[in-house]
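Below: the structure, in structure tokens.
The values are calculated or read from the model by the stated rules, or taken from the named source; none is laboratory data. Because the structure is a prediction, the values reported are computed rather than measured. As a convention, Cβ positions derive from the backbone with ideal geometry for all residues, glycine included, and neighbour counts pool all protein chains shown. Keep in mind that these areas ignore ligands, DNA and RNA; they rest on the heavy atoms of the full protein, side chains included. Shrake-Rupley method; radii C 1.70, N 1.55, O 1.52, S 1.80 Å.
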Amino acid sequence: MPRGLAISRNSLFILLAIGVTAIILSLLAFQYSNSISTKVVDIATQEIRSNAIIQAHDLSEILTNRLESIIPLLQTLADAPALQNNEYQRARLIIDYRQNYTGSLTDFYMWLDKDGKIVWISNMNSTTYQQYKGFDLSYRPYFTMARDSGMEYYSSVIESNDKVPRYFISYPILSKQGGEYRGSNATEKGSFNGIVVAGIRTSILGDLLESQLLPQFNSTIGLLDKNGLVLYADTESFVGKNIFGKELQSALSTLLSPRSYQQLNEALKASINNNASSGSIDAISKQGTVNTIAFSPVLLNGTNFLNLYVAAPHNLAGDVASAIGEQKHFSILIIMIIGSVAAVIAYVILTWNKRLHAIVNSRTRELDKANKELVSAYKQLKIHNKTQREFIDIAAHELRTPLQPIIGIMNIIRSKVTDSEQQELFDIVIRNAKRLQRLAEDILDVTRIEGHTLDIKKEVFNINDAIASILQEYKSQIERNNNEKLNQFLEISFQPEKAGIYVQGDKGRISQVISNLIDNAIKFAPQQKGKLDIVVSRSYTDNKEEPNGNVIVSVKDNGTGIDPEIMPKLFSKFVTKSFSGTGLGLYVSKNIIEAHGGKIWAENNNDGNGATFYFSLPISGIEGLIHISPQ
């Protein structure tokens with residue numbers, strides 16, 4: 001009996017030790033859980049503060065960038081010849097285009113004359129326009145301030161004549177003289193001719209900012225001007241009232257605890273009075289709810305234009321604390337479930353791993369087979385491409401060989417024929433034979449370019465003389481076109497660089513490029529009053545490898561211009577909108593110019609008539625000073 005009792009005591013001691021240990025471990029776990037819960041809530045709270053500050057800063061930057069983007073548009077609008085010269089119809093189109101471009105932000109663009117009267121409001125129908133035309137807005141600060149300062153002006157919120165609150169950004173129209181402004185009525189350069197104004201609804205600006213808020217934080221925004229006037233708020237009745245006024249101060253004191261009310265007012269005053277002031281405070285309501293209010297200035301040209309505020313409630317921190325409390329009750333159950341699931345997953349993973357290994361081996365074998373087939377196909381493709389290039393090369397050579405004697409013989413026969421109709425028939429045959437000859441030459445050049453066998457034989461020559469020689473060759477053709485039945489009258493002007501410019505390159509290939517550009521210009525020139533201008537100019541560069549700068553040759557016509565559809569790929573193979581071209585000439589020209597270290601490009605003319613092609617080459621020297629670089 002005593003021994004049995006002793007055994008019972010030992011068992012009891014062990015059970016007690018286990019129980020005490022379990023209780024101690026439970027208390028430690030509980031304390032640890034509480035500590036972790038507190039830290040998590042603090043982290044969630046800090047996350048809300050950080051996100052509020054980040055949102056305030058980012059929104060102020062977004063707002064700054066969007067508002068500052070309007071100034072260049074207003075400036076270019078004020079300097080536009082259409083407004084300077086009072087070309088009303090064209091000016092209206094320009095103003096409407098500005099509004100269409102920034103329609104997501106601006107409500108309208110408006111043009112006021114020097115007396116502050118409305119000249120035009122963008123995208124307004126004729127009936128409404130007649131109501132506002134000549135309306136006097138000279139009393140508005142966006143007119144007087146821009147007029148008196150001669151600079152852009154950012155207004156506070158103003159209730160427009162249509163009872164809609166808006167911000168206004170204005171820019172003065174100061175007269176300009178000379179050039180395209182010669183039609184201006186201004187008698188003195190820099191005199192005031194009116195303003196252009198962009199109107200922005202407060203609601204549009206608010207919607208823009210609201211769309212940038214992170215929805216999970218349930219934040220709200222507010223805007224104050226530098227005088228404390230509420231420009232935008234979640235509560236519409238606050239808009240247009242001063243934050244330090246009796247009504248809003250009474251509302252704030254009712255909502256917030258005395259300490260938070262005082263802190264908020266101090267923060268509002270600091271943010272308004274200091275351009276660079278930004279920060280945040282935690283405002284506690286009388287009901288105990290907490291909101292982080294972050295503020296950041298909206299600076300335009302370094303001046304405090306607006307102050308932006310983001311209020312983020314601490315709902316997320318409360319939700320986190322509640323979730324942690326629930327987690328305590330289910331932690332043991334979750335651990336057991338995780339253990340069971342882990343065992344099942346381990347078994348499944350081991351089984352799947354074996355199957356996956358087999359699948360990978362099978363796919364690897366298939367991939368190796370596919371790679372071998374791809375290598376074989378690639379080799380066959382290379383052989384096919386080589387055979388194709390050789391065939392094209394042979395065909396072009398065989399095509400070119402009989403063409404030269406044909407052209408020569410036809411020229412001889414034509415010179416002996418006196419009948420004009422027969423001469424015209426011979427001219428048709430000769431032109432088409434030459435066209436076929438150029439096609440063969442282009443095909444051969446493309447083959448050489450793609451095979452990297454284009455031969456460039458460099459020499460130093462005068463670019464002015466080369467162009468003059470080419471134009472001399474075109475002289476007889478142009479005279480026939482001007483005087484015979486082709487009904488094409490073409491005027492060609494050539495403006496060489498005064499000082500002789502020498503380049504080091506393949507004279508024949510450069511001449512080929514010039515001929516291609518002249519042919520294109522003649523092809524697209526109008527049948528009546530066609531005009532072709534060729535200009536040689538010199539540009540300077542900081543590149544030490546080009547001490548003499550570059551020569552730029554431009555070929556300008558007054559034809560139909562370049563179709564915008566083909567402009568991005570203009571110098572690629574087979575790109576053409578002409579029924580009489582193959583699209584190879586410009587591709588060949590591009591490769592020739594780049595092989596000489598130059599560039600080639602094109603653009604449509606500003607007047608809408610025709611296009612201009614340019615190419616540049618490094619200059620080897622000018623008249624009396626020639627530098628020959630090594631081959």
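Odds and ends about this structure:
- R0 of 25 Å, Cβ-Cβ distance Arg259-Gln31: FRET efficiency to nearest 0.05: 0.20
- Cβ-derived FRET efficiency at R0 56 Å, Asp368 paired with Arg414, nearest 0.05: 0.25
- In Hz, Karplus ³J(HN,Hα) per residue of the range 163-168 (6.51, -1.76, 1.60; θ = phi - 60°; x = Gly, Pro): 6, 9, x, 9, 9, 10
- Note on Tyr88 and Phe244: the extension gain reaches 51.6 nm, defined as 0.36 nm multiplied by sequence separation minus the Cα-Cα distance.
- HN-Hα J in Hz across the range 607-613 - Karplus 6.51, -1.76, 1.60, θ = phi - 60°, x for Gly and Pro: 7, x, 10, x, 9, 10, 9
- With all protein chains modelled, accessible area of Ile43 [1.4 Å, Å²]: 110
- Between the amide H of Lys241 and those of Val230, distances stay under 5 Å, these residues lying 5 or more places away or on another chain, with hydrogens modeled in the peptide plane.
- Separation in nanometres of the label points that stand 7 Å from Cα toward Cβ, at Lys457 and Lys382: 3.3
- Fully extended contour minus Cα-Cα distance, from Asp607 to Gln131, at 0.36 nm per residue: 167.8 nm
- For Ser138, nonlocal amide neighbours, meaning residues 5 or more places apart or on other chains whose placed amide H falls under 5 Å from its own, do not occur.
- Exposure rank, largest accessible area first [Arg414, Arg201; 1.4 Å]: Arg201, Arg414
- Efficiency of FRET between Ile428 and Glu594 - r from beta-carbon atoms, R0 45 angstrom, step 0.05: 0.80
- Distance between the 7 Å Cα→Cβ label points at Val20 and Asp148: 8.8 nm.
- Distant-in-sequence amide H partners of Phe461 (H built 1.01 Å from N, under 5 Å): Val503, Gly505
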